[in-house]
């Protein structure tokens, strides 16, 4: 077991600690976890090019998860916003109701190949927790999910699903009792149990190699879009929009298109009650670079470097940092990052439901809300793809009381 950095070769130090995304990324973790991260990097580097592993993942995504997910043109929604041509990438129709299963199945298959039978995960909105619990049930693995007590209360349907699937859901009461604190507890567990446990991190953040692993497992979203637009008679979209919490659904959509400078991309953060208040989670609006949960990236922090509390109506976007690849894309200007408020999110949630019969997740509703804001500025023949990263069924207990006066 590695107990000191002195026992790690210079080559292995370099592979772990280099920043993979411009000046962002890297591995800033306790020494006790270096061996596990090193082993993860070696295992993934081997399996990502292993044809049998990739074929098994492909077949599992197809025959179990339900890929490819549809690309749906939403003409009535477009008409309602006086907007361009709008297409939704329907990750809400993936098994478990969100994009999270792409990564959960990939990482759990990776763990199975390396002989680890215990999986731990963190979750905010509950979708990654449900996806991990589902993957573990399918593959016969033990599952522990850490979830902040605040999120447990506002995402009760997903908590019940995780327990039904056999997961041990552990409440986290520390700090703000949300996603940040759930990640802290998952890391503590992994520190004590890394010899038999794989940490299935749910978004494209954390220490190297997690951001790249999650991006690789999620890029199937954009790769499918590249093929599906042809069925609608065009070769490429003009604009891609996705919500950004940690950033996995957005980078999954964006990644295959990044080299094409003709395609614009927008990541939408949680503006909460307004970026001019203290109650939001818009890292690029008011944050600055720093280290959180193992990587150097943009985060909300005060002048002393203490992480600031966050707020969003959507549990999945209520996180003080963002994936390091997004930080690089922001500084390079390749992707524009914007914020919308809770109120704007709710309006988009309702509009898609009433115009198309599709109930979007609150997270995805942020992306829709930004499109609504800019729709009058876009040409009618502009082709916009929005990643509908999840279903809003999980949000109904939270949302319906907020909308009941308008719905009555």
TODO: Name the shape class, rounded, prolate or oblate, that the alpha-carbon gyration tensor gives for region 319-408, where a ≥ b ≥ c are the square roots of its eigenvalues, rounded holds for a/c under 1.5, and otherwise prolate holds if a/b is larger than b/c and oblate otherwise.
DONE: oblate
- [ ] For region 206-241 and region 300-341, compute the distance between their C-alpha centroids and round to whole Å.
- [x] 21
Open item on the list: On C-alpha positions alone, give me the angle between the axis of helix 362-374 and the longest principal axis of the chain, in degrees, nearest 10.
Closed with: 50
Task: Cα-Cα pairs of region 114-154 separated by more than 11 Å (percent) - done: 62
Open item on the list: Rounded, prolate or oblate, given the Cα gyration tensor of region 254-309, with a/c below 1.5 counting as rounded?
Closed with: oblate
- [ ] Show me 337-349, 151-163 ranked by packing, highest mean number of other Cβ atoms within 10 Å first.
- [x] 337-349, 151-163
TODO: Project the alpha carbons of region 263-359 onto their principal axes and report the range along each, largest first, in whole Å.
DONE: 45, 32, 23
Open item on the list: Let me check against my output: what whole-number percent is the relative contact order of the chain, with C-alpha pairs under 8 Å and at least 6 apart?
Closed with: 19
Open item on the list: Taking the Cα centroid of region 242-280 and of region 68-98, what is the distance between the two, rounded to the nearest whole Å?
Closed with: 17
Task: Helix axis angle, 34-47 relative to the chain longest principal axis, alpha carbon, degrees - done: 60
Open item on the list: When a/c reaches 1.5 or more, the comparison of a/b and b/c decides; with that in mind, is region 143-191 rounded, prolate or oblate per its Cα gyration tensor?
Closed with: oblate
Open item on the list: With a 10 Å cut-off between alpha carbons and a GNM built on the chain, which of 105, 253, 329 moves the most?
Closed with: 329
Task: Ellipticity estimate at 222 nm from DSSP helix runs (n ≥ 4, -39,500 (n - 2.57)) divided over the chain, nearest 500 - done: -12500 deg cm²/dmol
- [ ] Take the chain, compute every pairwise Cα distance, and split them into 20 Å bins from 0; I just need the percent in each bin.
- [x] 29, 61, 10, 0
- [ ] Enumerate the whole-percent occupancy of each 10 Å bin, from 0 to the last occupied one, for all C-alpha pair distances of region 50-103.
- [x] 23, 36, 24, 12, 4
- [ ] Report, to the nearest 10°, how far helix 342-356 tilts away from the longest principal axis of the Cα atoms in the chain, using its own Cα long axis and a range of 0 to 90°.
- [x] 60
Task: Ordering of 228-236, 121-129, 312-320 by packing [mean C-beta count within 10 Å, highest first] - done: 121-129, 312-320, 228-236
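Coordinate-derived values only; no laboratory data. Predicted, not measured: the structure shown is a model, and the values here were computed from it. Glycine also receives a Cβ, built like all others from the backbone with ideal geometry; neighbour counts cover every protein chain displayed.
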